[in-house]
Amino acid sequence: MIPELGHYALVLALGLALIQGIAPVVGFRRNDASLMQLANSTAFVQFIFVAISFAALTACYVSSDFSVATVYENSHSMMPLIYKFTSVWGNHEGSMLLWVLILALFGAAVAVFGVNLPTSLKALVLAVQSWIAAAFYLFILFTSNPFLRLANPPFEGRDLNPILQDPGLAIHPPLLYLGYVGFSIAFSFAVAALIEGRIDAAWARWVRPWTLAAWMFLTAGIAMGSYWAYYTLGWGGFWFWDPVENASLMPWLAGTALLHSAVVMEKRNALKIWTILLAILAFSLSLIGTFLVRSGVLTSVHAFATDPTRGIFILVILVLFIGGALTLFAWRAPVLKQGGLFAPISREGALVLNNLFLTTACATVFVGTLYPLALEALTGAKISVGAPFFNLTFVPLFVPLMLAMPFGPLLAWKRGDLLGVAQRLTAAFAATVVAICVTFAAMGVKSALAPLGVGLAFFVMAGAAVDLCERSGLFRVSLKIALRRGLGLPRSAFGTAVAHFGLGVTLLGIVCATTWGSERIVSINPGQTVSISGYDLTFDGLVPRAGPNFRELAAKFTVREGGVPIGVMQPSKRSFSARGMTTTEAALMTRGASQLYLSLGDTETDGSIAIRLYYKPLVMLTWLGAVIMALGGALSLSDRRLRVGAPKPAARPAMQPAE
Amino acid sequence: MRWLCLFAFLFALAAPAAAVEPDEMLKNPTLEARARDISRELRCMVCQNQSIDDSAAPLARDLRLLVRRRLVAGDTNQQVIDFLVSRYGEFVLLKPRFEPQTFLLWGLPPAALIGGAIGVFFWMRRRSPADGAGATLSEAEQARLAALVERSTDQATH
């Protein structure tokens, strides 16, 4: 009964989406406000129906109803409750349902919070949002229905893939989807503006909070995924340039560019056409990412060809939406009037530079990810494009970007003074030089580039600090005044500085962990000790244990620093009987921002065990930086001028006082 | 097995396991370091986007051992890589060579940057105030401006 209820709710949501996709547009053509306002209620009710559908599927998983095919394939009655919840989206069908749930959530949020949007714009935005939703409801109902029943329900399920039985699954996909799907709002706003043929600074102000929210979630989601991969993989890497990662990085790069160009549009009424294009691109890249991951085309072009239903369905959605939006763009964009002028050296100029590098970086990832697929499809030649290619092409694009970063916020609008800004950055330059010298002195000249990387990280961080000092007048005026001015600064100014600072922190983590990490790969017997970077680990022995749905063999290591025991690390190997799979669970010990990382290899018959032990200096900064970036986004979002929806005009006296 | 779980997610998750095993490693640390460097550039052909340095697949182990045998036999890094390409094709390289079929791949990023920069340059020049587009006002606009200025001074004095 419950699965049928969920199925039916999804069909109803599709019906509502079709109404919402048509009625407001008709209302817009006829200038009928009541038809346009219909979208408000349908958007909300649509969300309720998708939520019912999602809740129904969750109920099937939690009650281990193995008569439902996806539950049978991805769940097990012995699994801990949290994994029964998370396995709802730990598979293709359920994750698509999560996708549309978040899409509907954003639609409902626009309906509820966008109270100050002009009726016609809001109606069109919700209509476009509904077109996307309808396409994906159809996709789920026709190719990936999670509610299908089995004729002969088995007694036990086949268990969730053991690799996914991890708290990471509870956090990472929902965050990532909130980011991915959140860009749909910017897309809908862009398409609505193109249909209306009217776009101004207010548009940018309405779009920016949604973009900011999506960007924030995507940043946190990517970082969470990276950390998950880091501790699950067993060899301490945190970014692999895997096509699946690239699929999430591309919308992030385009979204970051969009955030910055929307600032120019909001403040100076310039870069309008470009901002619209970026809004379309950011979500298009999310769709392409969905296609890449969901269609199976990544494994090989041939795998795609053997079962192409899902792939082709998404490909059609892709072509319709991206192609449609770009055609509309080509047709309507010339109508849009260009706004404010600015000199090359100016805040606008710096943001254009930012956009140039970010979009080029995005294009690089795009080409690197799709080139092997395209080449194989066209010529049959098989090549691989992996980490060495991306490191070589992506890094040179990010270095100038980060070099320019501290300058941007300090430049004036319209016409800036580069020399003056450089002077104001003196403290940041000094911090950079000190950081480089100290790093060289401490680490030697073995890797000449890494200290420069550390310097760049400090330049970015110090630059962000200088930005806030300059704005508040700290060190120029009395502390009291500076404090008052600082508190009076708009939250978005803090947001910018904090987010930029976060990027510096991430860079510092990446440079330190990849350059000065150490590694020991050895075979060890009980009682023996292995040392790394000042830590001694003694192997005490193997301990067999039983978990709820697995058995594990844990290796107990006592960790000593300078002879003093500081803790125990217990990496383990788990075997899951339902799928006959084993996983290795790495043990992590955090020391400040650095980590000891220990994972197990093969056990030998003589009782010895192969281990890989890593010391990762400052590695936690990599993800901490991303969290800081997301916090910066949240700060900006809390700026009352940008509050989600449209800002209420501040209460002002009816007449401006005469000057 | 690794690629199976890829479909579940928008993010990479590999089958957890060991990559380089202690028994594979060379006694000579310089040679071993070179072997590791080479391994990071080579793809495990049965995995999804994993280098043989990271992969736990038996094939990756065979390739790692092969790389080490060649190094011990006195090959240079380039000779080892060439040998593997001659045996397994270009597919084994994680960083494709610069050759006709990859011109576009290597060329597009710099082309995008340079093309974008040129585009921005011309766009800025076309829009710069110097060419007069926004600098001068037509007579009608001048008149309207004068009227506006007058009105606002009126208001201010009232």
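The values are calculated or read from the model by the stated rules, or taken from the named source; none is laboratory data. A quick note: this is a predicted structure, and the numbers were derived from the prediction, not measured. Virtual Cβ from ideal backbone geometry, glycine too; neighbours counted across all protein chains shown.
Some notes on this structure:
- Test: residue in the stretch A:298-306 that is modelled with pLDDT of 90 or more, surrounded by fewer than 20 Cβ atoms within 10 Å (Cβ to Cβ) and in a helix (DSSP H, G or I): no
Okay, residues lined up against (1) within 30 Å of A:Ala23 (Cβ to Cβ); (2) free of Cβ contacts under 8 Å to residues at least 24 places away in the same chain; (3) outside any helix (DSSP H, G or I):
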{"residue": "A:Phe44", "(1), (2), (3)": "yes, no, no"}
{"residue": "A:Ser53", "(1), (2), (3)": "yes, no, no"}
{"residue": "A:Ala59", "(1), (2), (3)": "no, no, no"}
{"residue": "A:Met79", "(1), (2), (3)": "no, no, yes"}
{"residue": "A:Lys84", "(1), (2), (3)": "no, yes, no"}
{"residue": "A:Val88", "(1), (2), (3)": "no, no, yes"}
{"residue": "A:Gly107", "(1), (2), (3)": "yes, no, no"}
{"residue": "A:Val115", "(1), (2), (3)": "yes, no, yes"}
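- Among the residues of the stretch B:43-63, those identified as of a type outside the set (S, T, N, Q) and within 12 Å of chain A (Cβ to nearest Cβ) are B:Arg43, B:Cys44, B:Met45, B:Val46, B:Cys47, B:Ile52, B:Asp53, B:Asp54, B:Ala56, B:Arg61.
- A:Gly517 being in contact (Cβ under 8 Å) with a residue 24 or more places away in the chain, on the phi > 0 side of the Ramachandran plot and small (Gly, Ala, Ser): no
- The condition (being modelled with pLDDT under 90 and either of a type in the set (Ser, Thr, Tyr) or crowded, with 17+ Cβ neighbours inside 10 Å (or both)) is satisfied by just one residue among B:Asp154, B:Asp131, B:Asp54, B:Asp75: B:Asp54.
- For the stretch A:155-176, the tally of residues that are touching a helix residue (DSSP H, G or I) at 6+ places or on another chain (Cβ under 6 Å) and either free of Cβ contacts under 8 Å to residues at least 24 places away in the same chain or part of a loop (DSSP other than H, G, I, E, B) (or both) stands at 5.
- Evaluated against (1) assigned to a loop (DSSP other than H, G, I, E, B); (2) of a type in the set (Lys, Arg); (3) within 12 Å of chain A (Cβ to nearest Cβ), B:Arg40 falls short on exactly one condition, (1).
- Note on the stretch A:181-210: residues that are under 16 Å from A:Ala254 (Cα atoms), more than 12 Å from the chain's Cα centre (by Cα) and among the β-branched types (Val, Ile, Thr) total 2.
- Single residue of the stretch A:133-185 satisfying the filter (touching a Pro at 6+ places or on another chain (Cβ under 8 Å), within 13 Å of chain B (Cβ to nearest Cβ) and more than 28 Å from A:Gly547 (Cα to Cα)) that is modelled with the highest pLDDT: A:Gly179
- One residue stands out in the stretch A:371-386 among those that are more than 7 Å from chain B (Cβ to nearest Cβ) and touching a residue at least 60 places away in the same chain (Cβ under 8 Å): the one that is nearest to A:Asp242 (Cα to Cα), namely A:Leu373.
- Scanning the stretch A:231-259 for residues that are within 11 Å of another protein chain (Cβ to nearest Cβ) and aromatic (Phe, Trp, Tyr) yields A:Tyr231, A:Trp235, A:Phe238, A:Trp239, A:Phe240, A:Trp241.
- Within the stretch B:33-50, the set of residues being surrounded by fewer than 24 Cβ atoms within 10 Å (Cβ to Cβ) and either among the aromatic types (Phe, Trp, Tyr) or in contact with a Lys or Arg (Cβ under 8 Å, 6 or more places away or on another chain) (or both) comprises B:Ser39, B:Glu41, B:Cys47, B:Gln48.
- Of the set (1) more than 8 Å from chain B (Cβ to nearest Cβ); (2) surrounded by fewer than 20 Cβ atoms within 10 Å (Cβ to Cβ); (3) out of contact with any Lys or Arg (no Cβ under 6 Å at 6 or more places or on another chain); (4) not in a helix (DSSP H, G or I), all apply to A:Gly340 but (3).
- Matching option when the condition is in contact (Cβ under 8 Å) with a residue 12 or more places away in the chain, part of a helix (DSSP H, G or I) and aromatic (Phe, Trp, Tyr), among A:Phe66, A:Phe49: A:Phe49
- Filter result for A:Val395 (surrounded by fewer than 15 Cβ atoms within 10 Å (Cβ to Cβ), away from chain B (no Cβ under 11 Å) and within 30 Å of B:Gln48 (Cα to Cα)): yes
Conditions (1) of a type in the set (Gly, Ala, Ser); (2) farther than 20 Å from A:Thr529 by Cβ, marked per residue:
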site	(1), (2)
A:Val559	no, no
A:Val564	no, no
A:Ala586	yes, no
A:Leu598	no, no
A:Val619	no, yes
